[in-house]
1. Out of the residues in segment 179-228 meeting the condition of being charged (D, E, K, R) and closer than 18 Å to residue 108 by Cβ, tell me which one is surrounded by the fewest Cβ atoms within 10 Å (Cβ to Cβ).
2. Taking the condition more than 16 Å from the chain's Cα centre (by Cα) and more than 25 Å from residue 97 (Cα to Cα), does residue 139 pass?
3. So in segment 47-74, with the set limited to residues that are among the aliphatic types (A, V, I, L, M) and over 21 Å from residue 151 (Cβ atoms), which one is nearest to the chain's Cα centre (by Cα)?
4. Residues of segment 172-206 being over 15 Å from residue 137 (Cα atoms), touching a strand residue (DSSP E or B) at 6+ places or on another chain (Cβ under 8 Å) and either at pLDDT below 95 or not small (Gly, Ala, Ser) (or both), which ones?
5. Could you tell me how many of the residues in segment 301-324 are closer than 22 Å to residue 66 by Cα and in contact with a Ser or Thr (Cβ under 9 Å, 6 or more places away or on another chain)?
6. What number of residues within segment 190-248 satisfy the criterion of being part of a helix (DSSP H, G or I), of a type in the set (Ser, Thr, Tyr) and within 22 Å of residue 113 (Cβ to Cβ)?
7. Kindly provide the set of residues from segment 299-315 that are over 16 Å from the mean Cα position of the chain (by Cα) and either within 24 Å of residue 397 (Cβ to Cβ) or not polar (S, T, N, Q) (or both), ordered by number.
8. Sort out which residues of segment 281-299 are assigned to a loop (DSSP other than H, G, I, E, B) and basic (Lys, Arg), and write them in order of number.
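The values are calculated or read from the model by the stated rules, or taken from the named source; none is laboratory data. The structure displayed is predicted, hence computed values, not measured ones. Note: ideal-geometry Cβ built from the backbone for every residue, glycine included; neighbour counts use all protein chains shown.
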Amino acid sequence: MTDFPEDFLWGAATAAHQVEGGNTNNDWWDFEHDPTTAARESSGDGIDHFHRYFEDFELLSSLGHTAHRLSVEWSRIEPAPGEFSRAALAHYRRVLMALRDEGLTAFVTLHHFTLPRWFAARGGWLAADATATFARYAGRVTAELGELMPYVCTINEPQMIALHGYLEGYHPPGIANPVLWRRAGEALLEAHFAGVRAVRKEASSLTGLAVQLPLLAPAREDDACRTLYEHLQYEIVDRYLDGLTGPDRGDWLGVQYYRKQWVDPASPTWFGTPPPGTETTQMGWAVHPDGLRQMLHHAARTGLPLYVTENGIATTDDTERVTYLHTHLAALAQAMAEGVDVRGYLHWSAFDNFEWSEGYRPRFGLIAVDRDNDFARIPKPSAHAFARVAATHRLDALPRLVSSPPRME
């Protein structure tokens, strides 16, 4: 008996700016080169996926992947307002054809954090024409590439774009304003609806939204903690789940889960540090496998089919990654056994890559990349362990590196 159905999709994810290299015409490139921002280093050449996509897809296919999530870079496709690059669209056609030829089902993200420089300069998601501008782009990409995009994700993590960019100032545009934070979130949700309409007008692609759903909890059981927790639970999680209503909400929902976070009004960031003794990652994130099960149940109330479109750990110890895979896939299997409709799992990330403001230090990849040695790809033991699960659909195909199953609450 298998733990996952035979048609369950297995794969990993990337994002254009994190892997391609040379995306010099977007807001992130400017942010990386501004010494006053939180960015530690430039994305530079990425991992040169722009030129090596064919061999990368061939490698992922050889490792048993049946699906792959990637993004197309808006600033390449529309380098100036209303001016679409034939060369960029032709490049992404070749990319998606190569993906299809390797037998990998494509999950194509239209907006994964980066904005064209010109769009950011006129206000980005706070611009009066933001929704229409995104819809124009989404429609053009789908008109050109739709038959190669069976699954289209309109926007990656709208709540994190809003939180990191407009409240914490950790990402572009580097603003810390609670009013603009909420306004940006509203605009991003409206852009998703407009994107769904634009895609459906041009192709039969199945559309979805990818949301990051941290497991939030109050740091203490007092009124101040509880009030702030309820506020953040709404602004980061429930706004984006309960807001997915109506005919333009899409056909599926991507759930992205990494950690448990404790809400604390005494912290300047509103988030406390994990309690002593908590296992944490390179990013300082608390490892809590059952949070994936809980947030899948939370997302299931939308009534949409679910895909785990990101889940992974930043670590230089690959045995930790294998353990993380075991515990989190066990939590996923339990959610499915409890009736949650999950149809695929896409690990973050396929490769070690550029991790936004943190630069290249965090190692999320199943596959290492030696950027000092012609970008050589080196599959880690976790990549081969993951391949065994994908081939058998069984959890026991993973090495048993944990002494007990994940704690379920």
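1. First, the residues of segment 179-228 that are charged (D, E, K, R): 182-183, 186, 190, 197, 200-202, 220-223, 226.
Narrowing the set further to residues that are closer than 18 Å to residue 108 by Cβ leaves 197, 200-202.
Details: 197: 15, 200: 20, 201: 13, 202: 17.
Looking at the filtered set, the residue picked out is 201.
2. Details: more than 16 Å from the chain's Cα centre (by Cα): yes; more than 25 Å from residue 97 (Cα to Cα): no.
In short, no.
3. The residue in question is 47.
4. Within segment 172-206, just 206 meets the criteria.
5. Counting residues in segment 301-324 that are closer than 22 Å to residue 66 by Cα and in contact with a Ser or Thr (Cβ under 9 Å, 6 or more places away or on another chain) gives 7.
6. Just the residues of segment 190-248 that are part of a helix (DSSP H, G or I), to begin with: 190-202, 223-242.
Now narrow it down to the ones that are of a type in the set (Ser, Thr, Tyr): 227, 229, 234, 240.
Filter once more, so that each one left must be within 22 Å of residue 113 (Cβ to Cβ): 240.
Total satisfying the criteria: 1.
7. Keep residues of segment 299-315 that are over 16 Å from the mean Cα position of the chain (by Cα), which gives 300-305, 315.
Residues satisfying the conditions are 300, 301, 303, 304, 305, 315.
8. Just the residues of segment 281-299 that are assigned to a loop (DSSP other than H, G, I, E, B), to begin with: 281-285, 287-289.
Selection gives nothing.
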